[in-house]
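The values are calculated or read from the model by the stated rules, or taken from the named source; none is laboratory data. Everything numeric here is computed off the predicted structure, so don't read it as measured data. Note that we place each Cβ from the backbone using ideal geometry, even for glycine, and neighbour counts take in every protein chain shown. Just so you know, the surface numbers come from the protein's heavy atoms only, side chains and all, with ligands and any DNA or RNA stripped out. Shrake-Rupley method; radii C 1.70, N 1.55, O 1.52, S 1.80 Å.
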Amino acid sequence: MLEIRNLHARVEGKDILQGINLTVRPGEIHAIMGPNGSGKSTLAGVLAGREMYEVTEGEVLYRGKNLLELEPAARACEGVFLAFQYPVEIPGVSNTYFLKAALNAVRKYHGEEEYDSFDFLALVKEKMKLVEMDPSFLNRPVNEGFSGGEKKRNEILQMAVLNPMLSILDETDSGLDIDALRIVANGVNKLHTSDNAAVVVTHYQRLLDYIVPDFVHVLVNGRIVKSGDKDLALHLEDHGYDWVKDIQESVPERV
Amino acid sequence: MSTDAQDLEKLTGQEYKYGFVTDIESDTVPKGLSEDVIRMISAKKNEPEWMLEWRLKAYRMWLKMEEPHWAHVEYPAIDYQDISYYSAPKRKDGPKNLDEVDPELLATYEKLGIPLKEQELLAGVAVDAVFDSVSVATTFKGKLKDLGIIFCSFSEAVLEHPELVQRFLGSVVPQGDNFYAALNSAVFTDGSFVYVPKGVRCPMELSTYFRINSLGTGQFERTLIVAEEGAYVSYLEGCTAPMRDENQLHAAVVELIALDNAEIKYSTVQNWYPGDKEGKGGIYNFVTKRGKCAGVNSKISWTQVETGSSITWKYPSCILQGDNSVGEFYSVAVTNNRQQADTGTKMIHIGKNTRSTIVSKGISAGRSQNTYRGQVKIMKGADGARNYSQCDSMLMGDRCGAHTFPYIENRNSTAQLEHEATTSKIGEDQIFYCNQRGISTEDAVNMIVNGFCKEVFRELPMEFAVEAQKLLGISLEGSVG
C-alpha cells in the first residue's frame, strides 16, 4: 500500500528526515516511535503533503502512485488520512458542514454521487457512536471550544466518515486522559480492516496497549534505526530512547 | 512567497465577473458642475421650485467645503468639473410595466442573475430598479399601495408626495453634513423613497438594484425611508457595475427615520467594480448613510456586505434619540488587490436605555487596506445606555493591512460599553486541514471566510445571504497566504 524509499526532507533549511525506508501492506498497523525531534511528525506531514516540508530525495509510492506528486487534497481523496496532533479550529463553520463538504469532495473525486443532507446525517450519526460523541457536536464550530480529548475524538470521527485506506495518526494520544485514550483507540480499532492500514506516530508506548501494532519502528535523527514487533515498544518503555541512540551510532548508514 | 500563497493569489486574482456594458443611449448632461447644471438637472426632472432651491443651497454650502482626507485611503485628486452629473436612459414616457422596459436593459439584469420577472414571480421582492440614475421599473406597487406603503423612485416622490419629502429630506443628513453629502444634495439624480404608514408591517422585502452604466458618469443616489409609528420595513440594496476604465465617483446619501416603535432593517450587498489588479478603473464609493431612531422603542439595523469599489468610505450610523431605541450595525468588508476600505459606524446615544450593537468583520487580501472606524458616543442624558462592539479582522497574505480605529466618547457614568477586537490570519494550517480532508483550497478559503462572517450573514434576509456568500467567494478567488 505504502512504500517509502530513502526519503529525505527538510524544513526551513534543516534536514529532518535522512533516508526513511518503510513498507506498509494492507491490514497492517505500524507504530513509529522516537524521541522528540526525531522527525516523527515531519514524516507524517510529508506523507500528507504539508507545504512547509521540502522533500530533497527519495520517493513514496502509494497504491502504485507517486504520492509526492499529488496535491494534499488529492492525497486525501485517494484515501490518505492524517489525524492531526493539533486539530485546527475553524470558527463559524459547523462540524456537520465541514464533514459533509469533506465527504462530498472525496466522493466527487471518485465520480460518486454526493450525499444529500438526510443521508449524510444518518451516516454521521452512525459513525459518532464509534467515538461516543454526542450529536450536539455536529452543530458546534469545527474544533472551536473543544477540549483536547474532544478534538482527538473529532479527528477519529472524520476518519470514520471518510473511511481512508491509509490512516496516519500523529501523536493522537497526546493530551488524552485514560478514558479518552480508550475511546479513541477503540474507534481506530473498529475502523481497522484487512484492506486498510494505519501508521501510528507516538512518543509513548501507552497508546500501543490499546492499538496493537504489527510493527514498531524507532526513529532517531531522521532514520529508522530499529524495527521490531510490539515487544520493541515495551522494551523502549523500560529502557528509554538512549538505548537505541547508542545502537544508531554503530549501524552503518543505509543508502 | 510560498506556492500555497501563489495559488491563493491565483484564486483571488479572478477577473471581475460582472464587467460588461449595455449599449443603451444615455441622455447625458455635459461634464462639470455649476448652478446652471443643477438647474438643468432639476428642469430635466420637472422638479418644483423648492427642490431646486434645496439643491442650490446645498451646492453653495459644498463650494465652501473641503474634501475630507482623514480616512485611511489614498487616491488621486478628483476633478469635480470632469464629471457628468446626470445620465438617464433615453425614453419618451416611463414604462408602465416590464413589457415596456428596454429589452436590452432586462438582458443586463439577466446577465447579473437578477431577472426582474423571476424576482417578481419567485422571490416576492418588489424591485425599484435603478439603471444609471433613473428608475426604470417599479414592481408590486399595486400591492404595496393597498397597504398605504409608498415605494417609488425619489423623483416620483418629489412630484407626487412633496409634503413627505419636504418633511423628512435632510432631517437626518442635512445638506451641509459633509462634503459628499453636500455634493449629493446638490446633484442627486434619483434613488428610492419608502414610506410605511402607521402600524403597517411591510409584507415583503423592498429591493433596489443599482447599476452604474454610463462612462464617466458620477452616480448620486438619494434614498429616504420613513417608518411611521409601529411600522416595519426591510429594505435591500444590491449593486454590481460593468467594467470601466475611468474612476467613477459615487456619493450616495441614505436617510432612515424610525418613529415610535418602528423598525427599519437596511441590508446592502455592494459589489461595484473594484478596479483591475492594480486598482485602475474602480468605483470610488463615498457614501453617507444614517438612520435616526426618532421615536421611543424604535430600531434601526444596518447590515452590509461590501466587496466592491476601489475605495469605500462609508459609515452607516444610528442616532438613538428615542428612549429604549436600538441601533445595530453588522458589516462584512472584503478588500482585495488594491482596494481600500475605510468603513464602520457611528452610534450616537441620546435617549435613555438606548442600546447599540456593532459587529464588524474585515477581510483583507492582496495589497488591500481595510479599516474599521467606529464611534460610540454616549450623550449626557443617555442613562443606562449600552454598547457592544466587536471588530474582527482577517488577513490573507502578508501584503495587506487591517486597521481598527474605535472612538469612544462617554458622558454618562451609567453607560456600559464593551469592545472586543481580534485580528487573525487565514491560516495555512486551516487550509491544510481542509485540504487534508479532501477539500480544495478554493473551497477551503470560501468555507473559512464564510465561517468568519457568519454572525453578519445570519442578519441578512435568506436570499441575500446566499448571494453574499457567493459574492465573497468570487471576491476572494485567488487571494490567501
- [ ] Give, ordered by residue number, each residue of region A:33-54 whose 1.4 Å probe accessible area is reduced by a minimum of 40 Å² on adding the remaining protein chains to the chain alone.
- [x] A:ARG50, A:GLU51
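Taking the alpha carbon gyration tensor of region B:245-294, what are the square roots of 5 times its eigenvalues, largest first, to the nearest whole Å?
Working: eigenvalues 211, 22, 6 Å².
Whole-Å semi-axes of the equivalent ellipsoid: 32, 11, 5.
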TODO: Enter the buried accessible area of the B/A pair, total of both sides, probe 1.4 Å, in Å² rounded to the nearest 100.
DONE: 2000
- [ ] Take the cross-link list B:LYS31/B:LYS64; B:LYS44/B:LYS198; B:LYS31/B:LYS314 and give me the ones stretching past 24 Å between alpha-carbons.
- [x] B:LYS44/B:LYS198; B:LYS31/B:LYS314
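Rounded to the nearest whole Å², what accessible area per residue is found for chain A with the 1.4 Å probe? Mind dumping the intermediate values first?
Values: 11330 Å² over 255 residues.
Computed with neighbouring chains in place, this is 44 Å² per residue.
Per Stokes-Einstein, at 10 °C and 1.306 mPa s, what whole-number D in µm² s⁻¹ belongs to region B:358-434, with the Kirkwood radius over Cα pairs as the hydrodynamic radius?
Values: Rh = 14.1 Å.
Here the translational diffusion coefficient equals 113 µm²/s.
For region B:380-479, take the convex hull of the Cα atoms, compute a quarter of its surface area, and give me that in nm², please. All intermediate terms of the calculation are to be shown ahead of the outcome.
Numbers: hull surface 34.4 nm².
Spelled out: convex hull of the Cα atoms, projected over all directions, averaged, 8.6 nm².
Please give the average number of partner chain Cβ atoms lying within 10 Å of the Cβ of each residue in A:103-114, rounded to a whole number.
On the way: counts 3, 2, 8, 3, 1, 2, 2, 0, 0, 0, 0, 0.
Average per residue, whole number: 2.
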Open item on the list: Sort A:178-185, B:268-275, B:387-394 by packing, meaning the average of other beta carbons within 10 Å per residue, with the highest value first.
Closed with: B:268-275, B:387-394, A:178-185
Open item on the list: Using a 7 Å offset from the Cα along the Cα-to-Cβ direction at both A:GLU3 and A:ARG25, what is the distance between the two label points in nm, to one decimal?
Closed with: 1.3
Open item on the list: Run lengths n ≥ 4 of DSSP H only: what is the helix-derived mean residue ellipticity at 222 nm for chain A, with -39500 (n - 2.57) per run over all residues, to the nearest 500?
Closed with: -11000 deg cm²/dmol
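R0 = 51 Å: FRET efficiency of A:GLU112 with B:TRP70, Cβ-based, nearest 0.05? Don't jump to the answer; show the numbers that get you there.
Working: r = 56 Å, r/R0 = 1.11.
It comes out at approximately 0.35.
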Task: Area projected by the alpha carbon convex hull of region B:399-447, averaged over all directions, nm² - done: 5.5
- [ ] For region A:86-226, please report how many Lys pairs fall under 22 Å Cα to Cα, leaving out neighbours fewer than 8 apart on the same chain.
- [x] 20
- [ ] Tell me the label-point distance for the pair B:ASP398, B:LYS277, using the 7 Å Cα-to-Cβ offset, in nm and rounded to one decimal.
- [x] 2.0
Open item on the list: Given points 7 Å out from each Cα along the Cα-Cβ axis, report the B:GLU49 to B:GLU409 separation in nanometres with one decimal.
Closed with: 4.0
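Take peptide A:159-167, look around each residue's Cβ out to 10 angstrom, count Cβ atoms belonging to other protein chains, and average those counts. Please list the in-between numbers first.
Working: counts 1, 0, 1, 3, 0, 1, 0, 0, 0.
Across the residues of A:159-167, the mean count of other-chain Cβ atoms within 10 Å is 1.
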Open item on the list: How would region A:9-76 be classified by its alpha-carbon gyration tensor: rounded, prolate or oblate, with rounded meaning a/c under 1.5 and the a/b versus b/c comparison settling the rest?
Closed with: oblate
TODO: Please give the solvent-accessible surface of B:HIS69 in Å², to the nearest 10, using a probe radius of 1.4 Å with every protein chain present.
DONE: 130
- [ ] Quick one: pull the percentage of alpha-carbon pairs in region A:117-255 with a separation above 19 Å.
- [x] 57
TODO: Please identify which residues in region B:418-457 have an amide N closer than 18 Å to a label point set 7 Å out from the Cα of A:GLU71, following the Cα→Cβ vector.
DONE: B:427-449
Task: Of B:LYS292/B:LYS380; B:LYS57/B:LYS289; B:LYS289/B:LYS380, those spanning more than 26 Å from alpha-carbon to alpha-carbon - done: none
Open item on the list: On a full-extension model of 0.36 nm per residue, what is the gain between A:LYS14 and A:ASP238, subtracting their alpha-carbon distance, rounded to one decimal in nm?
Closed with: 77.5 nm
TODO: Please report, in Å, the Rg and the Dmax of region B:257-371, where both are computed over Cα atoms only.
DONE: 15.6, 48
Task: D (Stokes-Einstein, µm²/s), Kirkwood Cα radius, region A:2-250, 1.567 mPa s at 4 °C - done: 70
TODO: Any chance you could get the radius of gyration and Dmax over the Cα atoms of region A:1-148, in Å?
DONE: 17.5, 49
TODO: Per residue of A:75-84, count partner chain C-beta atoms within 10 Å of its C-beta, then hand back the mean as an integer.
DONE: 3
